[in-house]
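The values are calculated or read from the model by the stated rules, or taken from the named source; none is laboratory data. Note that the coordinates shown come from a computational prediction; the quantities given were computed from them, not determined experimentally. Ideal geometry is used to build each Cβ from the backbone, glycine not excepted, and the neighbour counts take in all protein chains shown. Heavy atoms of the whole protein, side chains included, go into the accessibility calculation; ligands, DNA and RNA do not. Shrake-Rupley method; radii C 1.70, N 1.55, O 1.52, S 1.80 Å.
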Amino acid sequence: MKRIVLILCILLFHAGIYSNNDFTDEMALLFSGNANRTLSEEVAKYLNASLGSAVVERFKDGEIKIHINNNVRNKDIFLIQSTCNNSSQSVNDSVMELYLLVRTMKRASAKSITAVIPYYGYARQDRKVSGRVPISAADIASMLESAGVDRVITIDLHCGQIQGFFRDIPVDNLYPSNIFISHFSKKNLENIVVVSPDAGGVGRAKKFQEQLKKQNIQSDLAMISKQRAQAGVVSSMNLIGDVEDADAILIDDICDSGGTLVKAAQVLKENGARRVFAVITHPVFSANALDLIENSVLEEIVITDTIPLRGKAPLNLSCISVGELLGEAISRVQNGESVSELFQ
Ligand code: R5P
């Protein structure tokens with residue numbers, strides 16, 4: 001009997017049903033900055049590993065002070081840090097912690113350094129929209145690359161081109177569609193229309209629709225044409241497509257002030273949508289975004305934990321962890337396996 005079970009396990013493993021997520025600390029070590037430790041612990045749990053011992057503290061004036069307690073010489077290092085803010089540090093603190101952690105590992109003779117950046121901040125500044133402005137998404141990329149990062153694993157970059165801002169290193173841009181789709185497949189949605197809240201997000205919405213189709217869930221596509229009066233202020237929105245009697249699912253990478261999402265949901269309702277759901281990968285949620293969501297027409301907003309939630313979650317918000325997705329990507333990178341199916 002034992003032999004049959006063993007043979008079955010080997011067969012399932014080779015069929016790709018079980019993946020080899022062994023992560024041995026003889027070869028590789030996981031570390032976390034302070035931006036989102038809870039997620040880092042989820043990743044470590046998936047890998048049956050523990051987080052390396054890194055003391056990341058502050059001097060009295062706010063300067064960052066780091067000490068790594070493990071020997072990292074000749075090891076593959078995976079540094080997990082979203083470049084986001086949380087209740088005790090700013091986006092810039094998180095960026096700087098990541099930079100200094102990379103430099104520390106480099107000087108301590110790590111063999112390779114993979115920056116695992118679940119939320120890549122500064123991504124929205126991805127081109128010169130006028131004269132004399134930075135392309136911050138590219139500038140952060142050059143900073144990390146020149147610091148000594150050998151690979152980046154990230155989730156749902158604001159735009160795919162950011163991968164090219166890293167000149168000579170691979171960037172694995174994962175998308176958590178599987179976890180979103182398995183969430184929605186239990187909901188018996190009818191007459192589904194996948195909606196992008198702006199022109200820039202149509203590609204993401206289309207990909208989501210393709211993933212639904214792979215699960216035999218049919219849907220239509222619509223988009224909203226959005227005008228901004230200034231950064232963070234949406235002035236007008238017009239629907240392109242039909243959502244009459246539909247269960248609409250708005251897809252976006254980021255919800256920041258909540259303006260785009262809440263206004264888009266309202267427009268869909270005004271155009272006859274039966275129910276409006278939303279899928280947001282990165283819950284930046286600044287200012288009173290959570291209140292706006294709570295008091296909106298949104299039936300449900302599904303987010304991930306790439307950024308820790310600040311404040312009380314409204315009843316119409318569900319959060320799904322990307323810990324397993326990241327853990328699986330790390331395991332595959334470490335074992336030299338393909339990660340491309342995790343891009344979907
Ligand atoms: C913009 O291109 C992004 O995809 C989001 O739509 C935007 O960042 C959301 O911002 P807010 O919540 O402030 O309207």
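Which value, in Å² rounded to 10, gives the accessible area of K106 with a 1.4 Å probe and all protein chains present?
Approximately 90 Å² for this residue.
Measuring from the lowest to the highest alpha carbon on each principal axis, how far does segment 18-152 reach, largest first, in angstroms?
50, 41, 29
Long-range amide H contacts for D172: which residues qualify at under 5 Å (H placed 1.01 Å from N, peptide plane, sequence gap of 5 or more or a different chain)?
Under 5 Å from the amide H of D172: V152, I153, T154.
Rounded if a/c is under 1.5, else prolate if a/b beats b/c, else oblate: with a ≥ b ≥ c from the C-alpha gyration tensor eigenvalues square-rooted, which is the chain?
Because a/c hits 1.5 or more and a/b fails to exceed b/c, the chain counts as oblate.
With label points built 7 Å along Cα→Cβ from the Cα atoms of D220 and K187, find their separation and express it in nm.
1.9 nm
For S236 and K312 in the same chain, what is the full-extension length gain: residue separation times 0.36 nm, less their Cα-Cα distance, in nm?
Full-extension gain reported as 24.4 nm.
Counting only residues 5 or more places away or on other chains, whose amide H sits under 5 Å from the amide H of Y119 once H atoms are built in the peptide plane?
S82, T83
Give me the percent of the accessible area of the chain that comes from carbon and sulfur atoms, probe 1.4 Å, all protein chains in place.
49 percent
About the Cα centre, and with charges only on the beta carbon of Lys, Arg (+1) and Asp, Glu (-1), how big is the dipole of the chain? Nearest 20 debye, please.
560 debye
Which whole-percent values make up P(r) of segment 285-344 when all C-alpha to C-alpha distances are grouped in 5 Å steps starting at zero?
For segment 285-344, the binned pair fractions read 4, 15, 21, 17, 11, 11, 10, 7, 3, 0 percent.
Just need the relative contact order of the chain here, percent rounded to a whole number, with Cα pairs under 8 Å and 6+ apart.
14 percent.
Express in nm, to one decimal, how much length is gained between S109 and H67 on full extension, taking 0.36 nm for each residue of separation and deducting their alpha carbon distance.
So the chain would gain 13.7 nm between S109 and H67.
Would you work out which of I307, V339, L326 lies farthest towards the positive end of the dipole of segment 298-344, given +1 charges on the beta-carbon of Lys and Arg and -1 on that of Asp and Glu, about the Cα centre?
The Cα lying farthest towards the positive end belongs to I307.
Taking each full run of DSSP H in the chain as one helix, which ones are at least 20 Å long along their axis (Cα atoms) and have mean Kyte-Doolittle hydropathy of at least 0.0?
Passing helices, by number: 91-107.
Among A246, L221, Q161, pick out the residue whose Cα is farthest towards the positive end of the charge dipole of segment 160-267, where Lys and Arg carry +1 and Asp and Glu carry -1 on C-beta, about the Cα centre.
Of the candidates, Q161 comes out farthest on the positive side.
222 nm [θ] for the chain, helices only, -39500 (n - 2.57) per DSSP H run of 4+, per residue, to 500?
Computed ellipticity for the chain at 222 nm equals -9500 deg cm²/dmol.
Just to be sure I understand the model, the point goes 7 Å from the Cα along the line to the Cβ. What's the resulting D245 to S130 distance in nm?
Taking the simple label geometry, D245 and S130 are separated by 4.7 nm.
For a quick check, take a GNM of the chain with Cα springs below 10 Å and name the residue from A329, A313, A264 with the largest mean-square fluctuation.
A313
For R204, R167, R228, what's the largest-to-smallest order of accessible area, 1.4 Å probe?
The most accessible residue leads, giving R167, R228, R204.
Would you mind getting the accessible area per residue of segment 88-173, heavy atoms of the protein chains only, 1.4 Å probe, in Å²?
I get 45 Å² per residue for segment 88-173.
Pairs of alpha-carbon atoms within less than 8 angstrom and 6+ residues apart define the contacts here; what relative contact order does segment 213-344 have, in percent?
Relative CO of segment 213-344 lands at 17 percent.
Measuring with a 1.4 Å probe in the full set of protein chains, what accessible area per residue, in whole Å², belongs to segment 207-344?
Normalised by residue count, the accessible surface of segment 207-344 is 45 Å².
Once amide H atoms are placed 1.01 Å from N in the peptide plane, what residues at a sequence separation of 5 or more from I301, or on another chain, have their amide H within under 5 Å of its amide H?
A278, L317, S318
Report the residue, chosen from N188, N92, N173, that carries the largest GNM mean-square fluctuation when the chain is represented by alpha-carbon nodes joined by springs under 10 Å.
Taking springs between Cα atoms under 10 Å, the residue moving most is N188.
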